[in-house]
Amino acid sequence: MKILVTGAAGFIGFHLVKKLLERGDEVLGLDNINDYYDVNLKYARLNELGINKDEIKEDKLIKSSIFSQHKFIKINLENKEAMNKLFENEKFDAVCNLAAQAGVRYSLENPHAYIQSNVVGFMNILEACRYYGVKNLSYASSSSVYGLNKSQPFRTTDKTDTPISLYAATKKSNELMAHTYSHLYGIKTTGLRFFTVYGPWGRPDMAPMLFADAITNDRPIKVFNHGNMSRDFTYIDDIVDGIVKVIDCPPSLTSNYRIYNIGNNAPVSLMKFIETLERSFGKESKKNFLPIQKGDVETTYADVTSLINDFNYKPSTKLFDGINNFVKWYKGFYK
């Protein structure tokens, strides 16, 4: 299968591309390599896939030096002409859109970036799928769409019309746009509402990396809502396993549109997560307890029943094992 993975230099995108290549798929990775966080980490991920930083130029296809069936291109999703040209030339069997302007808190500071990347960019992907015959589209949504929803666990049947960040609102808009294109043009779309993902090669703006950096450099960890928070922390391998299952099996003829939660189905308290990190580092952290931040929710908890029933999805990585894997990578990468 020939698959386009957008956001290929990102945390989840990198792991997905690697998994698909290792099983023999032909994969074209796409990313704009923006500077939302350290681009050196993004280039390091690409290097693991055989993509040389020095060869990367805007709108230029680069062949991997490691995987014969892998190519990479630097493009902004907002560039409609470049996206259409790519789809016309490459003739993809499937597309997995993981590219987005990420981060709840950053959306309070730079809202326009979210509209351009997450809304305009996603529209260009939908239009390209429509005009160039791609019927299999999977894409990243987010647990953030549940917003002020108080019921636990979060179910895909719950209302998601009370987002509390622009990031969440753009992800909800993606789901609505995908539904429209599934209905009008028969594109088989699957949205995945990701819950807090962690593991090797993670994002520097996410809690595990922020905590690890603070612990190793003897700085206090910022513990929001005075530690009274929990997250459905999900290890990256479990996430990628679910994405691959979805790519391999697009929606049936009876319904072209699907939404799934994808998470560990077992929330962990923030303090337990920090304690597990401390055990793995062999070092206790300093802590600065703070009020909850705007755009944050106290708890996320994924009901993944439909993903289990439809795909036999089984998140199996225990927290301590996942943290140990993360810490081992972190120490090696940042030594």
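The values are calculated or read from the model by the stated rules, or taken from the named source; none is laboratory data. Just so you know, these numbers come straight off a predicted model, no measurement behind them. Every residue, glycine as well, gets a Cβ built from its backbone with ideal geometry; the counts of neighbours run over all protein chains shown. Side chains are part of the model used for accessible areas, which takes the heavy atoms of the whole protein and leaves out ligands, DNA and RNA. Shrake-Rupley method; radii C 1.70, N 1.55, O 1.52, S 1.80 Å.
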key: Whole-angstrom gap from the range 129-143 to the range 300-335, using each part's C-alpha centre   = 25 Å
message = Accessible area of the chain with a 1.4 Å probe: how many percent of it is carbon plus sulfur?
response = 49 percent
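Multiplying the sequence separation of THR162 and THR305 by 0.36 nm and subtracting their Cα-Cα distance, what value in nm do you get? All intermediate terms of the calculation are to be shown ahead of the outcome.
Values: separation 143, 0.36 × 143 = 51.48 nm, distance 2.32 nm.
Extra length from THR162 to THR305 when fully extended: 49.2 nm.
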task = Kindly report the accessible area of the range 70-127 per residue (heavy atoms of protein chains, probe 1.4 Å, no ligands, DNA or RNA), in Å².
result = 41 Å²
ask   = Share of Cα-Cα pairs in the range 255-335 beyond 21 Å, in percent?
value = 50 percent
task = Report Rg (one decimal) and Dmax (nearest whole number) for the chain, counting Cα atoms only, units Å.
result = 19.2, 56
Over the range 181-232 - Rg/Rh using Cα atoms and the Kirkwood inverse-distance radius = 1.25
remark   = Expressed as a percent, the portion of alpha-carbon pairs in the range 185-331 spaced more than 25 Å apart is 35 percent
ask   = LYS286 to ALA113: FRET efficiency via 1/(1 + (r/R0)^6), r the Cβ-Cβ distance, R0 35 Å, to the nearest 0.05?
value = 0.60
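Just list whichever of LYS71/LYS172; LYS150/LYS172; LYS286/LYS335; LYS286/LYS314; LYS53/LYS294; LYS71/LYS135 have alpha carbons separated by over 27 Å in the model shown.
Working: LYS71/LYS172 31 Å; LYS150/LYS172 17 Å; LYS286/LYS335 21 Å; LYS286/LYS314 35 Å; LYS53/LYS294 37 Å; LYS71/LYS135 22 Å.
As for pairs spanning more than 27 Å Cα to Cα, those are LYS71/LYS172; LYS286/LYS314; LYS53/LYS294.
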ask   = So how much accessible area does MET1 have, in Å² to the nearest 10, using a 1.4 Å probe?
value = 90 Å²
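Between LYS335 and GLN152, 0.36 nm times their residue separation minus their Cα-Cα distance comes to what? Let's see the in-between values first.
On the way: separation 183, 0.36 × 183 = 65.88 nm, distance 4.03 nm.
Gain on stretching LYS335 to GLN152: 61.8 nm.
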ask   = In nanometres, what is the gap between the two model label sites at ASP213 and GLN293, each 7 Å from Cα along Cα-to-Cβ?
value = 1.1 nm
Gain on full stretching of the segment that runs from GLU58 to MET1 - 0.36 nm per residue minus C-alpha separation = 18.0 nm
task = Could you order peptides 93-102, 228-237 by the average number of other Cβ atoms within 10 Å of their residues, highest first?
result = 93-102, 228-237
query = Across every pair of different alpha-carbon atoms, what Kirkwood hydrodynamic radius in Å does the range 200-270 reach?
reply = 15.0 Å
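Stick to the Cα atoms of the range 33-138, pair each with every other, and give me the Kirkwood hydrodynamic radius in Å at one decimal. Before the final figure, lay out the partial values.
Details: mean 1/r = 0.0664 Å⁻¹.
Value: 15.1 Å, from the Cα pair sum.
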task = Count the DSSP beta bridges whose two residues both fall in the chain, then state the antiparallel fraction as a percent rounded to the nearest 5.
result = 10 percent
remark   = Rounded to the nearest 5, the percent of antiparallel DSSP beta bridges in the range 1-139 equals 10 percent
query = Taking θ as phi - 60°, what are the ³J(HN,Hα) couplings along the range 15-22 by the Karplus curve (6.51, -1.76, 1.60), each to the nearest whole Hz, with x for Gly and Pro?
reply = 5, 5, 4, 4, 4, 5, 5, 5
inquiry  = For a quick check of understanding: with a 1.4 angstrom probe and all protein chains in place, what accessible area in square angstrom does ARG203 have, to the nearest ten?
reply    = 50 Å²
message = Using helices alone, I'd like the mean residue ellipticity at 222 nm for the chain: each DSSP H run of four-plus residues gives -39500 (n - 2.57), total over residue count, nearest 500.
response = -11500 deg cm²/dmol
remark   = For the chain, the longest principal axis of the Cα atoms and the Cα long axis of helix 121-131 enclose an angle in degrees, to the nearest 10, of 30 degrees
inquiry  = Can you tell me the orientation of helix 166-185 relative to the chain, as the angle in degrees between its alpha-carbon axis and the longest Cα principal axis, to the nearest 10?
reply    = 30 degrees
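Using the reciprocal of the averaged 1/r over all distinct C-alpha pairs, how large is the Kirkwood radius of the range 138-222 in Å? Working shown, then result.
Details: mean 1/r = 0.0665 Å⁻¹.
Its Kirkwood hydrodynamic radius stands at 15.0 Å.
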task = Quick one: what are the phi-derived ³J(HN,Hα) couplings along the range 262-272, Karplus 6.51/-1.76/1.60 with θ = phi - 60°, whole Hz, x for glycine and proline?
result = 9, x, 8, 6, 7, x, 10, 5, 4, 5, 5
C-alpha long axis of helix 39-48 to longest principal axis of the chain, angle in ° = 70 degrees
